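Right, one structure below, let's go through it.
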Amino acid sequence: MRVAFLLLLTALGAYGQTCSGRCGENDPNNSCQCNTDCTSFGDCCSDYTDICMSCADRCGEAYVYSKPCQCNPDCGTHGNCCSDYDDQCGGSGGGVTDEELWALTEDIFAAEVNAVGDQLTIDVQGEGTSGDLASGPLFTSVPASALNGPTISLLRQVQDNYIPQVTTPEVQTAAEIAEQDALLDAMMSTQVMKIAESFLLDKSLLTGSLRDKLDEIWFTLYTRSGGPVGSSGFEHSFVGELKNGEVSGFHNWVNFYKEEQDGNLNYEGWSKVINLGTKAKIIMDHFEWLSEPKTIGSMFIGTSPELELATYTVCFLARPDSLCPVQMDNQQFHVQTWTLAYDGKVLVGSAYPDI
């Protein structure tokens, strides 16, 4: 009976078009997908959010790393409860309110001393969502002093350690790991990271040191869509990747400027900008990198790597796979994070400002 039923579904073109029983799987033979990558490629099944991102009928189920979000008492510790966990299951996903996240991110922004937004000059040029609307680069003036700060200089050393194509395996050398460790150590010495760590510990979203957590969730190498081990959360968000003929990730201004200077990136225009006082901006834009398109992107401009990493990490642990409320310079916006399950760990798939 079951075989006949599946054959009927296949004949009707319905098999593989629902996420029922498929959350977290990756099967290219299905007509739509039910994993965290589907949001980037626009091929999620129509019921992906309702089934995979909700705790409806899932309360108390076993912890399964491959699922995009969880519905059990451990999810608060791991920071990956579904957004409706409290309402559906009567539990606490870490007990973090929107007001607390707004206050925290405002405190983090106030503690940001390595921002260089006041040293940068940009030319946003044409407004729109498609076509080349900019005849020149986005960054028109970036003095050496803006790139030689205590953490931005170390960020630049780490950013050149990656290969853009996700189909090419990444192999880290001892020297590259040392550069990565130096960046983590420098960021952890800042007040920005100390505030974030204290908050996460207080809310039981973190056990152990924040440095160890950052190393794990951002720098662990993993595979995307079953390919070779050629990606990481850091590479995706702070460097950028090429996947299936388009730019994936690439949400950091320092690498954006470098690639413009190297002639590898063509800025094409903007659709929205938020000013965060003299320290920074956020821009939503589109561009081509290494001749591949990024049809819609977003990034902070002028911020330090610790400000971005601290904000993204808090949101990744407090509001994974969802829009996380953020406030800086009295401006409210969101950060979107996505989780990726790999080798028994819940790692950063992507993180970026959403305005």
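The values are calculated or read from the model by the stated rules, or taken from the named source; none is laboratory data. The model shown is predicted, which means the values in this text are computed figures rather than measured ones. Cβ atoms come from the backbone with ideal geometry, glycine included; neighbour counts cover every protein chain shown. Each accessible area value is taken on the protein alone, full model and side chains, heavy atoms only, with ligands, DNA and RNA left out. Shrake-Rupley method; radii C 1.70, N 1.55, O 1.52, S 1.80 Å.
Data for the structure
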| read-out | value |
| --- | --- |
| Members of K203/K272; K67/K279; K67/K243 lying beyond 30 Å, as alpha-carbon distances in this model show | K203/K272; K67/K279 |
| Phi to ³J(HN,Hα) by Karplus 6.51 cos²θ - 1.76 cosθ + 1.60 over region 142-157, Hz, x for Gly, Pro | 9, x, 4, 4, 6, 9, 10, x, x, 10, 5, 5, 6, 4, 4, 5 |
| Under the Karplus curve 6.51 cos²θ - 1.76 cosθ + 1.60, θ = phi - 60°, whole-Hz ³J(HN,Hα) for region 113-124, x wherever Gly or Pro sits | 10, 9, 5, 10, x, 6, 9, 9, 10, 10, 10, 6 |
| Rounded to 10°, Cα long-axis angle of helix 210-219 versus longest principal axis of the chain | 70 |
| Inter-site label distance for E127 and N148 at 7 Å from Cα along Cβ, in nm | 3.8 |
| Charge-dipole axis of the chain as Lys and Arg at +1 and Asp and Glu at -1 on Cβ define it, positive-most pick from V239, Q191, L155 | V239 |
| Cut-off of 10 Å, at most 15 other beta carbons, DSSP loop: longest stretch of the chain lacking such GluC sites (Glu not before Pro) | 62-355 |
| Cβ-derived FRET efficiency at R0 22 Å, R211 paired with D160, nearest 0.05 | 0.45 |
| Probe 1.4 Å - accessible area at K279, Å² to nearest ten | 50 |
| Protein accessible area in region 132-242, 1.4 Å probe - carbon and sulfur % | 53 |
| Theoretical ellipticity at 222 nm over the chain - DSSP helices of four or more residues, -39500 (n - 2.57) apiece, nearest 500 | -9000 deg cm²/dmol |
| C-alpha long axis of helix 191-202 to longest principal axis of the chain, angle in ° | 30 |
| Near-label residues of region 145-188 by backbone N, under 19 Å of a point 7 Å along Cα→Cβ of V229 | 161-181 |
| Farthest positive-ward along the chain dipole, Cα basis, beta-carbon charges - from F250, G208, G42 | G42 |
| Point-charge dipole on Cβ atoms (K/R +1, D/E -1) for region 178-281, about Cα centre, debye to 20 | 440 |
| For region 283-355 versus region 100-164, the gap between their alpha-carbon centres in whole angstrom | 14 |
| Built amide H within the under 5 Å cut-off of V335, gap 5+ | C324, V326, D354 |
| Average accessible area per residue (Å²) across the chain - probe 1.4 Å, nucleic acids and ligands excluded | 42 |
| In Hz, Karplus ³J(HN,Hα) per residue of region 240-254 (6.51, -1.76, 1.60; θ = phi - 60°; x = Gly, Pro) | x, 9, 10, 8, 6, x, 8, 7, 10, x, 6, 10, 10, 6, 5 |
| Rounded to 10°, Cα long-axis angle of helix 2-11 versus longest principal axis of the chain | 50 |
